[in-house]
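Here the structure is laid out as C-alpha cells; the discussion comes afterwards.
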Amino acid sequence: MSLNYPFRLRVVIIGGGFSGATLAWQLAEEQVPVRISVVEPRPELGRGLAYSSGEPCHRINVPAHRMTMQPERPEDFMHWLVRGRASGRLETDPEEITLQGEHFPRREIFGRYVAERLAPHLQSGRIRHHRARVADLAKAIDGSFELMLSDDSRIRGDILVLATGHPPTALPRPLAELRDRPQLIGEADDPARIASLGKDARVLILGAGLGSADVVARLDRQGHEGPITCLSRHGLRSRGHVPAGGESRADFTDPPIRRASKLLRRVRDAVVDDEAQGQDWHATFHRLRAQGAQIWAGLDQCNRARLLRHLRTLWDVHRYRLAPQVEAVLERRIVEGKLSYVAGRLVEVEGQGATVRVSWRPRGGNAAEQADFDAVINTTGPAQGRTIESNPALWALARLGLIAPDPLGLGLATSQTCQAVDAAGMANPRILIAGPLARGHLGELVGAPECAAQVGAIAREIARQALLVPILRPVIVSTGGATANPT
Ligand SMILES: Cc1cc2nc3c(=O)[nH]c(=O)nc-3n(C[C@H](O)[C@H](O)[C@H](O)COP(=O)(O)OP(=O)(O)OC[C@H]3O[C@@H](n4cnc5c(N)ncnc54)[C@H](O)[C@@H]3O)c2cc1C
C-alpha cells in the first residue's frame, strides 16, 4: 500500500547508488519531514557501480564489521549478515571468513543489505524511486527545479542532492586506435566481454588498482590460464589487509600540517614509531584515514595539488586495499608466472589481425618495449576531469551556472556544509553534493563508511532546512508543480 506523505519540501536525490540510497534511508529513518524522491535507472537502490556486480569473486574490500549505512552503528551490516546466515535467509559462503575471523562477503551481499534496509520505506511510499536518468533540468520561476527524466516524465524538487558518483572511465589516448576492435575491452565492468576471452588469451590490463584486481580475479575464476600483464605508470599494485593489530598513536593534526612534504615526513616518522611499537604501516594508515579530513582542511590548494601530484598513487595503493581472497588469487598467479606488473607509460597500440601490438616506455627508461596481446582491458578508473561533461544532469546545472568543478578536478566545488559552490564562489543551499563528487572539499571520500558519514551531515542539513519551511515557505516551497508526472 502506498501512503501519501503531505510534506511540502521536496528533496530529489539524483543517483541512487550507495550514497543516494543511504541518504534517502537516513532521512526516512530520522523522520525528516520532507518528500523523498530518488532518481536512479538501476532496478534496485543502493547498488550503484560498486555493489551491482554479481560476480562471486568480487568482494567488499573493507571488513564487514566496518561497512555500514549508519555511522553511529559501524557494525550494522555485520549484524545483518550474521542474522541472515543464522536464519538461513542468506546462502552460506565458505570463503567469506578469513583465517583471522574477519568477514569479506561478496559485494552483491552488501548491495542486498542496503536494498533490504530501504524496502519498507519504498513499500510505504515514504521513499519514491523513479527508475530513470535525469536527462535535463531547468529552474522554475519559484526557485524550484524541474527535472526531465529519460522516460519522458518530469518531477519537481525544492532541494536537489547530487549523488551521481564517479564519472565513467575514459580511454587513454593511445587506445583510441583500437576503439572499434574486438580486442579492446574499454572498462572493467564488462562481464560478457571478459567471459568471451579464450582460456589462454594473453591479456594486457591497463591499471593496477582495485579495478584491475577485479578483472584478474574474474578471469582466474572463469578458468583463464594465459599470461596477464598489468601496466601502470608506477607499477604498484593495491596492498592487502593484515590481521587487526593495536592502534597507532600518531597525530597528524596537532600541530597542523601545512605542507605536503611535511606530511610525507610525518607519515614516514609515524611508520617508524609504529613499527618500534610492534605495529606496521596499516595502523599508521588507519590513523591517517581517520584524520584525513582534518589534514586536508589544513592544506592550501597549492599543497593539496602537490599532494595529489606526487603522493596520490602511493596513497591509493595503501589506502584502498584488496580483499584477502582477491589478494590470494593475485599472489598465486604471480608465483605461477601468470601475472606480472610493469611500470611504464603506454605509447602506442596497433591492431595486427587478431592480436594487438602494444608499446610502452618503461618507468625511468628511454627505449620503448613492445609485446603482443590477444586482448587489452582498460581499468584506468573514472575520468575525474570529465565529471560534469559526462553526466547530463550535472551538465544542465553547469549550464545554468549553478555548479562548478572543484579546482583540483576531483569532482564538484562544495562548501563546508556540502552545498554546491558555483563558478562565482557562491554556495547554494538548494543543491547538496553527496559521495565522491564532494571529494575535492573533504579530500578522502570514496569508501562506504566515509560516504555514510558524509550523507549523515547532508541529512542534518536537510532537516535544518525543513525546520525553516514554515518561515520561508513563500520563498522556498513551490506551490505550482504542473508537470507530466507531478510529485
Ligand atoms: C567497483 C567498486 C568497488 C568498491 N568496493 C568498495 C568496498 O568494498 N568497500 C568500500 O567501503 N567502498 C567500496 N567502493 C567505494 C564506494 O562504496 C563507492 O565509492 C560508493 O559506492 C559511492 O557511491 P555513490 O552512490 O556515491 O556512487 P555510485 O555507486 O557510482 O552511484 C551513483 C549512481 O548514480 C546514478 N546516476 C548517475 N547519473 C545519473 C543521472 N543523470 N540520473 C540518475 N541517476 C544517475 C548511477 O546510475 C549510479 O547508480 C567501491 C567502489 C567501486 C567502484
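The values are calculated or read from the model by the stated rules, or taken from the named source; none is laboratory data. A quick note: this is a predicted structure, and the numbers were derived from the prediction, not measured. Every residue, glycine as well, gets a Cβ built from its backbone with ideal geometry; the counts of neighbours run over all protein chains shown. Surface areas here come from the heavy atoms of the whole protein model, side chains and all, with no ligands, DNA or RNA. Shrake-Rupley method; radii C 1.70, N 1.55, O 1.52, S 1.80 Å.
What the table below lists for this structure:
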read-out	value
Per residue, in Å², the accessible surface of the range 46-110 once ligands and nucleic acids are set aside, probe 1.4 Å	46
Apportionment of accessible area to carbon and sulfur, the range 344-458, percent (1.4 Å)	51
Whole-angstrom gap from the range 391-446 to the range 113-128, using each part's C-alpha centre	28
Simple label model, 7 Å out from Cα along Cβ direction - GLU116 to ALA463, nm	2.6
Unit charges at the beta carbon, dipole of the chain: most positive-side option, ALA213, GLY365, GLN384	GLN384
Whole-percent carbon and sulfur share, accessible surface of the range 1-134, 1.4 Å	52
Positive-pole candidate from GLN291, GLY278, CYS302, dipole of the range 260-319, charges at beta carbon	CYS302
Accessible area per residue in Å² at 1.4 Å probe, computed on the range 176-225	45
Span from the the range 56-101 Cα centroid across to the the range 241-273 one, whole angstrom	29
The range 260-319, accessible surface, carbon-and-sulfur percent (1.4 angstrom probe)	53
Isotropic mean projected area of the C-alpha convex hull, the range 260-319 (nm²)	3.8
Helix-derived mean residue ellipticity, 222 nm - over the chain, DSSP H n ≥ 4, -39500 (n - 2.57), to 500	-10500 deg cm²/dmol
Spatial extent of the chain: Rg and Dmax, with the Cα atoms as the point set, Å	23.4, 70
Size of charge dipole - the range 260-319 - debye, nearest 20, with Cβ of Lys, Arg +1 and Asp, Glu -1, no other charges	360
Distant-in-sequence amide H partners of ARG59 (H built 1.01 Å from N, under 5 Å)	ARG107
For the range 265-418: accessible area per residue (Å², 1.4 Å)	48
Solvent-accessible area of SER87 with every protein chain in place, 1.4 Å probe, in Å² to the nearest 10	80
About the Cα centre, charge dipole magnitude for the chain (Lys/Arg +1, Asp/Glu -1 at Cβ), debye	860
Built amide H within the under 5 Å cut-off of ARG35, gap 5+	LEU9, ARG10, VAL11
Taking the chain and dividing mean pair separation by its residue count, relative contact order in percent (alpha carbons under 8 Å, at least six apart)	21
